[in-house]
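Here is the structure we will look at, set down as structure tokens.
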Amino acid sequence: MNAATISPSVAVATASEADRTAWQAYVGAHPLAGFFHRWAWRELLETQWRHRATYLIARRGGAVCGVLPLALVRSRLFGTRLASLPFCANAGPLADDDAALAALDEAALALGRDIGVGHIEYRCERTLHPEWPASGLYAGFQRAIFSDDDANLRAIPRKQRAMVRKGEANGLRVSIEDADSLYPLYADNVHRHGTPALPRSWLRALQRAFGDDCEVMIVRDPAGHAVSGVMSFRHGDRVLPYYAGDLPRARALAANDFKYWALMRHAARQGCTCFDFGRSKIDSGPFHFKRNWGFEPRPLAYEYRLLADEALPQHNPSNPRYRLLIATWRRLPRTLVAWLGPQLVRGLG
């Protein structure tokens, strides 16, 4: 699809490298845009995962009035879909108005039918299409942060505040490091939870692509051993902790709570005013951890337009059919899961 006039006033085209500046300018100005709408994800998804990215850009009278990043995900196990976007919490369409959104929808549907995908998935923070089926699987967590440490600490419920103090008493310290420092913590953590890990190369690629807006914080014990860590993204005034991990002994040290408190303070000093605690599956352990920190969940609108598929996909660890697979995965040797994991996760995104 090179260009197609969807309505008398809106034209939708497949964005090319020549549209990068216009895309970034639109994303930078749109009030609902986030980190995952940035142009750099296009190249990352293609080079790191071999997902064909199709970025749709809508114009009215020559001015950009909407954007929709899409990636084609093919998997023998999980089917074929157009997603906006794999590996991203929320990257649904952005539009000036209903006409621009409708034009983007129509172009996405035409593309999906042409390719023959099972469904199209929009990962949004708010509902755009009440008539489309939605998963209802995830919730997002956001809260204001302040320039004053005491104000931020008072906003944390008493029990978690005590855990922060425990971490401080245990002599924990933090430092800004790199993806290689985080990866062993991250990989060990996801293996214990029975899910495949993303490859080390992915975390490295994120740091290269986003520079200072992608930062790794590592928590070390008094002996200097890394016990917990997190990779965070920054977009405007928002900080988003995204990939995290810790060792089993981090719990006794209260390193996890200490880590997020240290990140909150660090982000506030950099001028951030919103702590975006990311998404979690509703009623999961991370979901309750974030609530215990005083964050109120907001259901995320993951919307689906079914094409060849007859029902919503159920490819998530909470699906009972995957319990045996998860238990088996936990028992597999680390060398095997390190090789097999990226091949599985590529189709999940």
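The values are calculated or read from the model by the stated rules, or taken from the named source; none is laboratory data. None of these values were measured; they are calculated from a predicted model. Because the Cβ atoms are built from the backbone with ideal geometry, glycine has one as well, and the counts that use them run over all protein chains shown.
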Test for Pro196: is it in the same structural domain as Arg269 (by TED's automatic domain parsing), in a loop (DSSP other than H, G, I, E, B) and either modelled with pLDDT under 95 or among the β-branched types (Val, Ile, Thr) (or both): yes
Where Arg251 falls short, out of the listed (1) in a helix (DSSP H, G or I); (2) over 21 Å from Gly140 (Cα atoms); (3) at pLDDT 95 or above: (3)
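Among the candidates Arg321, Arg346, which residue alone is at pLDDT below 90, of a type in the set (Lys, Arg) and out of contact with any strand residue (DSSP E or B) (no Cβ under 8 Å at 6 or more places or on another chain)? Can you show your working first?
Numbers: Arg346 fails: out of contact with any strand residue (DSSP E or B) (no Cβ under 8 Å at 6 or more places or on another chain).
From the options Arg321, Arg346, the qualifying one is Arg321.
In the list Arg204, Arg161, which residue meets the criterion of being free of Cβ contacts under 8 Å to residues at least 12 places away in the same chain and not in a strand (DSSP E or B)? Talk me through it step by step, then tell me what you get.
Working: Arg204 fails: free of Cβ contacts under 8 Å to residues at least 12 places away in the same chain.
Residue meeting the stated conditions: Arg161.
For (1) charged (D, E, K, R); (2) in a strand (DSSP E or B); (3) farther than 16 Å from Arg42 by Cα, each residue gets a yes or a no:
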{"position": "Leu70", "(1), (2), (3)": "no, yes, no"}
{"position": "Arg74", "(1), (2), (3)": "yes, yes, yes"}
{"position": "Ala102", "(1), (2), (3)": "no, no, yes"}
{"position": "Leu109", "(1), (2), (3)": "no, no, yes"}
{"position": "Leu128", "(1), (2), (3)": "no, no, yes"}
All positions within segment 51-67 that are closer than 13 Å to Pro86 by Cα and free of Cβ contacts under 8 Å to residues at least 60 places away in the same chain: Arg52, Ala53, Thr54
Residues located in segment 68-81, provided they are surrounded by 18 or more Cβ atoms within 10 Å (Cβ to Cβ), of a type in the set (A, V, I, L, M, F, W, C) and out of contact with any Pro (no Cβ under 7 Å at 6 or more places or on another chain): Leu70, Leu72
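When residues of segment 131-166 are filtered for being touching a strand residue (DSSP E or B) at 6+ places or on another chain (Cβ under 8 Å) and either within 18 Å of Arg269 (Cα to Cα) or not hydroxyl-bearing (Ser, Thr, Tyr) (or both), how many remain?
Residues of segment 131-166 touching a strand residue (DSSP E or B) at 6+ places or on another chain (Cβ under 8 Å): 132-145, 155.
Imposing the further condition that a residue be either within 18 Å of Arg269 (Cα to Cα) or not hydroxyl-bearing (Ser, Thr, Tyr) (or both) reduces the set to 132-134, 136-137, 139-145, 155.
Result for segment 131-166: 13.
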Residue list for segment 265-311, filter: over 16 Å from Tyr122 (Cα atoms) and in contact with a Cys (Cβ under 8 Å, 6 or more places away or on another chain): none
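Given the condition closer than 18 Å to Arg279 by Cβ, crowded, with 18+ Cβ neighbours inside 10 Å and touching a Ser or Thr at 6+ places or on another chain (Cβ under 9 Å), answer yes or no: does some residue in segment 39-59 qualify?
We begin by selecting, within segment 39-59, every residue closer than 18 Å to Arg279 by Cβ; these are 41.
Subsequent filtering for residues that are crowded, with 18+ Cβ neighbours inside 10 Å retains 41.
Keeping just the survivors that are touching a Ser or Thr at 6+ places or on another chain (Cβ under 9 Å) gives none.
No, the conditions are met nowhere in segment 39-59.
So which of Gly229, Gly224 is over 30 Å from Ala108 (Cα atoms), assigned by TED's automatic domain parsing to the domain that holds Ala187, assigned to a strand (DSSP E or B) and free of Cβ contacts under 8 Å to residues at least 60 places away in the same chain?
Details: Gly224 fails: assigned to a strand (DSSP E or B).
On inspection, the qualifying residue turns out to be Gly229.
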